[in-house]
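Worksheet: the structure to be examined is printed underneath.
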């Protein structure tokens, strides 16, 4: 696909070079930062050299060890002889709290009001399992919508109006055409997808109500993989709801009952996005928030129609589909483990095809999905083999 670069499987990407750490860093609050996606976003923010990171997490499905490792990874990436000031700049300010409790959010904003204030928020915290959402819908609406409203209310009172929102490709439901663009119809088919759709609509209304608000929603397409170091990765409490971490855990002896594929008659494979590409996309979005020009031509880039406010949605994905069987084969190659596979019926809420068209994000955010399936599975296996019991087994 035009605009996307993939590194050949026999060649590693160029070595990372830490950019100069800005003395005018913006302070970013990341909700759900200890989780799988949030921890990698926190690392990307630190590695950019442009942001100081503050976090809030209730550790419902995550571990505080992840954030300690993020800080160490960022500090280890500094060049030899880095100053103590630079090392200090890469320490994460960790807060245990629940964004469904408004006072937990307000305490953080109040603390940083005397420290120059919080510039913006990356809102990742949410319940996210499609199947589970249909079983406990009230919990999903409470955690994914009510908590978002709490966050918006506190942000508004402290005049913090820059937000990057973690949305999902599930807002599209079963698309009428692929690859999916941002102006494709929004017809979510799962409770989880509806919580993301409703939250996006709320965010758009907030932007329409006040020109000071600037919000970018990032619609994820099946994030998978881990940081190449193997120090941070996905470690859900209980059985993983996503395919790649489930395969990795099976390869270290968990869940010996085998893998169920929910339907093998879907028309084409699903899209995906390697997690570190996704994390870097959040840094791209933060950098784009101050730019007025990206918020023009709203009708062509949100799926909600014309808007007078500064709200924009972008697809983050690779633009290339992969079947479950392809991903199983790639994990077998990475891990050396042979999986037992059983094909069963489809799940309620699953859609037949979700492949992103990320051209808008490439053009306006300078987002690029650089990593391929082989790298994704290699990094996932590196994480799992180093941490067979997850964070709890190595903390």
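Quick one: which of 48, 62, 44 is under 20 Å from residue 126 (Cβ atoms) and touching a helix residue (DSSP H, G or I) at 6+ places or on another chain (Cβ under 6 Å)?
44
How many residues are part of a helix (DSSP H, G or I) and on the phi > 0 side of the Ramachandran plot if we restrict to region 355-394?
The number of residues fulfilling the criteria is 0.
Determine whether residue 164 is in contact with a strand residue (DSSP E or B) (Cβ under 9 Å, 6 or more places away or on another chain) and touching a residue at least 24 places away in the same chain (Cβ under 8 Å).
It is true that residue 164 is in contact with a strand residue (DSSP E or B) (Cβ under 9 Å, 6 or more places away or on another chain) and touching a residue at least 24 places away in the same chain (Cβ under 8 Å).
Scan region 291-304 and give yes if some residue there is under 20 Å from the mean Cα position of the chain (by Cα), crowded, with 20+ Cβ neighbours inside 10 Å and at pLDDT below 95, otherwise no.
Pass one, region 291-304, residues under 20 Å from the mean Cα position of the chain (by Cα): 301-302.
Then drop every residue that is not crowded, with 20+ Cβ neighbours inside 10 Å, which leaves 301-302.
Those still in the list that are at pLDDT below 95 too: 301-302.
Yes, region 291-304 has at least one match.
Return the residues of region 370-393 that are more than 17 Å from residue 64 (Cβ to Cβ) and more than 21 Å from the chain's Cα centre (by Cα); say none if nothing qualifies.
Within region 370-393, 385, 386, 388 qualify.
Please enumerate the residues belonging to region 359-395 that are within 20 Å of residue 34 (Cα to Cα), surrounded by fewer than 23 Cβ atoms within 10 Å (Cβ to Cβ) and in contact with a helix residue (DSSP H, G or I) (Cβ under 7 Å, 6 or more places away or on another chain).
Matches in region 359-395: 391, 395.
Please work out if residue 31 is at pLDDT below 90 and within 23 Å of residue 367 (Cβ to Cβ).
So residue 31 fails the test.
Looking only at region 101-124, count how many residues are in contact with a strand residue (DSSP E or B) (Cβ under 8 Å, 6 or more places away or on another chain), over 21 Å from residue 74 (Cβ atoms) and in a loop (DSSP other than H, G, I, E, B).
1
The values are calculated or read from the model by the stated rules, or taken from the named source; none is laboratory data. Keep in mind that this is a model prediction, so the values were computed, not measured. Counting neighbours? That spans all protein chains shown, and the Cβs are built from the backbone with ideal geometry, glycine included.
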